[in-house]
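**Q** Mind looking over this structure? Questions follow.
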Amino acid sequence: MGASILNNAAWRRASSLAERLSGFRQAEKNTQVAIDHELAAETLALWKASSPFDKDSYFADRLATEGISEDEFTRLLGTPVEAFDGDGTVPQWVQMLSRAYSGPAEPLNDDRGNWVEVANYPEAAFLELVEPLMMDARLQLRARVEKIKLDHPAAPFAPERAVDVMFANLPSRLLMLIAKTMVLELHVARLEGVLEGATPAERFANFTERLSRREIALPLL
């Protein structure tokens, strides 16, 4: 699963402007990049019409922040993401996805007891989609906290308690980020007829169960 994530060009569509710009400049150095000028013009118009870039000098200031001219930005918008191979460097966030979704599909189990703010909401089941990310984050956090305690034995905290406290707000924040998208995907799945169940509750349960499957979760991400 990890290799398939790293080798999948789809993640490039989620690249930041800085990441795309780096790949674009590398591509222009090495080859003649095919640019879709019609797409570039349409996308540029959308950018300029969107808030806050439709006011004052926001758009020019944003380009200046990245050190890019409007002409170069326009060419970037018309370049397919497949051209951004660059030097083959994989962004850290893609490596994190690979690590989180390549491990055993083990739930947080008892750690779900920390989902205090969202545990009683039905939509909390949407978190099945990002549970591997939460589990990976918790493991990384625990490792760092335990190292601090190892290096400083007299530090006035219990590692597991510290992890619980710092992890507590994560489920609710993630749920706010994904809830609207998950509602949309729920309706799409219903219209496509892929959900099992005779009642809305059964179909909802089937939808959230499907989110725990890596082959379904990754395309949604």
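**Q** With a 1.4 Å probe and all protein chains kept in place, how much accessible area does residue 55 have, in Å² rounded to the nearest 10?
**A** Result for residue 55: roughly 100 Å² accessible.
**Q** Show that you can apply the helix-only estimate: for the chain, add -39,500 (n - 2.57) for every DSSP H stretch of four or more residues, divide by all residues, and state [θ] at 222 nm to the nearest 500.
**A** Values: 11 runs with 132 residues, N = 221.
One gets -18500 deg cm²/dmol as the mean residue ellipticity at 222 nm.
**Q** Excluding residues on the same chain fewer than 8 positions from residue 180, give the lysines whose Cα lies under 21 Å from its Cα.
**A** Straight-line reach from residue 180, under 21 Å: no lysines qualify.
**Q** From Cα pairs below 8 angstrom and at least 6 apart in sequence, can you work out the relative contact order of the range 120-221, rounded to a whole percent? Numbers along the way, then the final one.
**A** Values: 50 pairs, mean separation 37.6, N = 102.
For the range 120-221, the relative contact order is 37 percent.
**Q** With everything on Cα atoms, drop me the angle between helix 92-102 and the longest principal axis of the chain, reported from 0 to 90° to the nearest 10.
**A** 40
**Q** Something else about it: I need to check one value: relative contact order of the chain, counting alpha carbon pairs closer than 8 Å and at least 6 residues apart, in percent.
**A** Numbers: 162 pairs, mean separation 45.8, N = 221.
Once normalised by length, the contact order is 21 percent.
**Q** Moving on. Ignoring ligands and nucleic acids, what accessible area does residue 191 show with a 1.4 Å probe (Å², nearest 10)?
**A** Accessible surface of residue 191 is approximately 130 Å².
**Q** When the solvent-accessible surface of protein heavy atoms is calculated with a 1.4 angstrom probe, in what order do 65, 31, 43 fall, highest first? Before the final figure, lay out the partial values.
**A** On the way: 65 110, 31 85, 43 35 Å².
Ranked list, largest accessible area first: 65, 31, 43.
**Q** Once both labels are modelled 7 Å past Cα along the beta-carbon direction, what's the residue 61-residue 42 spacing in nm?
**A** Here the modelled spin labels are 3.1 nm apart.
**Q** Kindly express, to the nearest 10 degrees and within the range 0 to 90, the angle between helix 131-151's C-alpha long axis and the longest C-alpha principal axis of the chain.
**A** 70
**Q** Would you give the gap between the C-alpha center of the range 10-34 and the C-alpha center of the range 165-221, rounded to a whole Å?
**A** Result: 32 Å between the Cα centres.
**Q** Over the chain, with a Gaussian network built from C-alpha contacts below 10 Å, which listed residue (122, 156, 200) shows the highest mean-square fluctuation?
**A** Per the Cα network of the chain with a 10 Å cutoff, 156 tops the list.
**Q** Leaving ligands, DNA and RNA out of it, rank 11, 47 by accessible area with a 1.4 Å probe, largest first.
**A** On the way: 11 35, 47 80 Å².
Solvent-accessible surface, decreasing: 47, 11.
**Q** Next up: With a 1.4 Å probe and all protein chains left in place, how much accessible area per residue does the range 141-221 have, in Å²? Can you show the working numbers first?
**A** Working: 5460 Å² over 81 residues.
Per residue, the range 141-221 has 67 Å² of solvent-accessible surface.
**Q** Between helix 17-30 and the chain, what is the angle of the helix's C-alpha long axis to the longest principal axis, kept within 0 to 90° and rounded to the nearest 10?
**A** For helix 17-30, the angle is close to 50 degrees.
**Q** Using only the Cα atoms of the chain, what are the Rg and Dmax in Å?
**A** Gyration radius and largest Cα-Cα distance of the chain: 21.6, 64 Å.
The values are calculated or read from the model by the stated rules, or taken from the named source; none is laboratory data. The shown structure was predicted, so the numbers you read here are calculated from the model rather than taken from an experiment. Don't worry about glycine lacking a Cβ; one is built from the backbone with ideal geometry, like all the others, and counts go over all protein chains shown. Ligands, DNA and RNA are excluded from the accessible area calculation, which covers all protein heavy atoms including side chains. Shrake-Rupley method; radii C 1.70, N 1.55, O 1.52, S 1.80 Å.
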